[in-house]
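Undergrad: First, the structure itself, so that you have it in front of you.
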Amino acid sequence: MSHTPAEVLSRIEVIMENMISDLQLGKVPIFRSPYSSSPGRNFSNLGQSRTFTNSVLVLSFVQKLLLSHRTTTTREVYYFFITHFTSQSECNDAISSVCTLLGVERISLGLSASPKGWYCGCIEITRPSSGTSILE
């Protein structure tokens, strides 16, 4: 079931308000989700700070994306934070965690997978034997 951008934005606000409340009370932030059956994510371990940051970055990106009425690919999220994410896989894991946290599908975040083999720009295909152009 796909969720509307307004529903997703509302869910992001609830998650972030809960996290900010924890921080204001001097507590370790916990991502508690009223939208999924998974238990809240506790980030008390320093080793989990990267996972926490990954999720916050994706939540921020998705919020801006939905507020601007745009959609994009998961690859663009990776390139937007290229200095943070070490790989596309790490970015995909963060996106998946956010989907679970919000109880929505990736498409509801305005994100789709990049088709393999896409090319942008001018292309010319030539036959190696004759050097004649097949497609310009």
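The values are calculated or read from the model by the stated rules, or taken from the named source; none is laboratory data. Values in this document were obtained by computation on a predicted structure and should not be read as measured data. Here the Cβ positions follow ideal geometry from the backbone for every residue, glycine too, while neighbour counts run over all protein chains shown. These accessible areas exclude ligands, DNA and RNA; they are computed on the full protein's heavy atoms, side chains included. Shrake-Rupley method; radii C 1.70, N 1.55, O 1.52, S 1.80 Å.
Undergrad: Filter the stretch 81-99 down to the residues that are surrounded by fewer than 17 Cβ atoms within 10 Å (Cβ to Cβ) and either at pLDDT below 95 or not charged (D, E, K, R) (or both) and list them by number. Steps first, answer last, please.
TA: Of the stretch 81-99, the ones surrounded by fewer than 17 Cβ atoms within 10 Å (Cβ to Cβ) are 82-84, 86-90, 93, 96.
Correct list: 82, 83, 84, 86, 87, 88, 89, 96.
Undergrad: Could you grab the pairs with beta carbons closer than 8 Å, sequence gap of 6+ or different chains, first residue in the stretch 12-29 and touching a residue at least 40 places away in the same chain (Cβ under 8 Å) and within 22 Å of residue 104 (Cβ to Cβ), second one open to solvent by less than 60 Å² (accessible area, probe 1.4 Å) and assigned to a helix (DSSP H, G or I)?
TA: Correct list of pairs: 12/59; 12/62; 12/102; 15/59; 15/101; 15/102; 16/59.
Undergrad: List the number of the failed condition for residue 67; all other conditions in (1) within 19 Å of the chain's Cα centre (by Cα); (2) open to solvent by less than 80 Å² (accessible area, probe 1.4 Å) hold.
TA: That leaves (2) as the condition not met.
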